[in-house]
Amino acid sequence: MFWILFEILMNGIGTLIPNSVNWLYGASIGGSVSIGLLGVTFLFLKYDKLNFVDMGLNFNAGSLIRLILSLVTGMTFFGCFYLVYLWLTPVIIVDIHVKSVINIILLSLLSLLMLAAMEEIAFRGYALKKLETIIGPRGAIYLTSLAFGLYHGFAFDSITGPAVWGLLYAVLAYWSKGLAVPIGFHAGANLIQALFGEKSRYADGIWAFDLADKITPFTVDQITPFLKIFLFVLGVLLVEIYLYQRKKSAS
């Protein structure tokens, strides 16, 4: 029911907000749906006799610091994937020659932070904690990650892409006992993609990828499956490490 209301909010608000400049559209959708989801969460929490603190949705003095640090970490982590492509494949970076790099970065960051907040509230907030009480933390992590992938589209790439990233975001939510860290990490990873023109619906790019005529150890199509496997293995390992530590501390 929570996810159904999320979809209703997404589609309803999406039809009301005009399809304007990409960053403004992203910030408007993300911000509006996030506020709506907090309202829906409040109603569900009242029914369950819980509060926002139980969901890790309370804002405190350290939240902004955690958000900034995780944002930088997310940018660095995803940037490493692009470095692998630059190192092992014929990919090169091309400058798009935009007017104001700083403006693009700041406006893209605003858009992607709002969208990341929306998605983390939807998948790593109430839904994750509620499912944990029914099927346990492991089941909750994998089920919300699968739902997160399918939310991006009913396709195999959604399972090997967003669903796997959902494992990382869920572990970060549990480890940090809140949403500031997964929101920051999520936005940071998306910002790197956006700056390379891969989030054009919500942000402008300042660089683009091109292929050079040179001999390299791998092609882009050859290296991509290895990176996806690495990310999946990493996600599963982090989930199991977290669950082991949790069980050990409880015993």
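The values are calculated or read from the model by the stated rules, or taken from the named source; none is laboratory data. Predicted model only: the values in this text are computed from it and were never measured. All Cβ positions, even for glycine, are placed from backbone atoms using ideal geometry, and neighbour counts span all protein chains on display. Protein only, heavy atoms only, side chains kept; ligands, DNA and RNA dropped before computing areas. Shrake-Rupley method; radii C 1.70, N 1.55, O 1.52, S 1.80 Å.
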**OP:** With the condition kept exactly as written, say whether any residue in the stretch 15-23 is farther than 13 Å from Y202 by Cα and open to solvent by less than 40 Å² (accessible area, probe 1.4 Å).
**Re:** yes
**OP:** Please go through the stretch 180-211 and pick out each residue that is surrounded by fewer than 16 Cβ atoms within 10 Å (Cβ to Cβ) and among the basic types (K, R).
**Re:** R201
Subject >> Residue among F77, F81, F52, F59 that alone is under 13 Å from the mean Cα position of the chain (by Cα), of a type in the set (F, W, Y) and open to solvent by 20 Å² or more (accessible area, probe 1.4 Å) >> reply: F77
**OP:** Select the helices (runs of 4 or more DSSP H) contained entirely in the stretch 76-188, then report the ones holding at least 2 residues which are touching a residue at least 60 places away in the same chain (Cβ under 8 Å).
**Re:** 101-124, 126-151, 162-176
**OP:** Output the residues belonging to the stretch 215-234 that are aliphatic (A, V, I, L, M), out of contact with any Leu (no Cβ under 6 Å at 6 or more places or on another chain) and part of a helix (DSSP H, G or I).
**Re:** V220, L227, I229, L231, V233, L234
Original post:
Can you pull out the residues in the stretch 201-223 that are under 28 Å from G30 (Cβ atoms) and of a type outside the set (A, V, I, L, M)?
Top reply: R201, Y202, D204, G205, W207, F209
Original post:
Among the candidates I92, I65, I105, which residue alone is surrounded by fewer than 18 Cβ atoms within 10 Å (Cβ to Cβ) and over 19 Å from E198 (Cα atoms)?
Top reply: I65
Original post:
Which one of the conditions (1) within 18 Å of W165 (Cα to Cα); (2) open to solvent by 40 Å² or more (accessible area, probe 1.4 Å); (3) of a type in the set (S, T, Y) does Y47 fail to meet, given that it meets all the rest?
Top reply: (1)
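One line per residue, one yes/no per condition, for (1) outside any helix (DSSP H, G or I); (2) open to solvent by 60 Å² or more (accessible area, probe 1.4 Å); (3) modelled with pLDDT under 95:
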position	(1), (2), (3)
D213	yes, yes, yes
V236	no, no, no
V239	no, no, no
K248	no, yes, yes
Original post:
Which of the residues belonging to the stretch 189-210 are in contact with a helix residue (DSSP H, G or I) (Cβ under 8 Å, 6 or more places away or on another chain) and either part of a loop (DSSP other than H, G, I, E, B) or more than 19 Å from W165 (Cβ to Cβ) (or both)?
Top reply: F196, K199, S200, R201, Y202, A203, D204, G205, I206, W207, F209
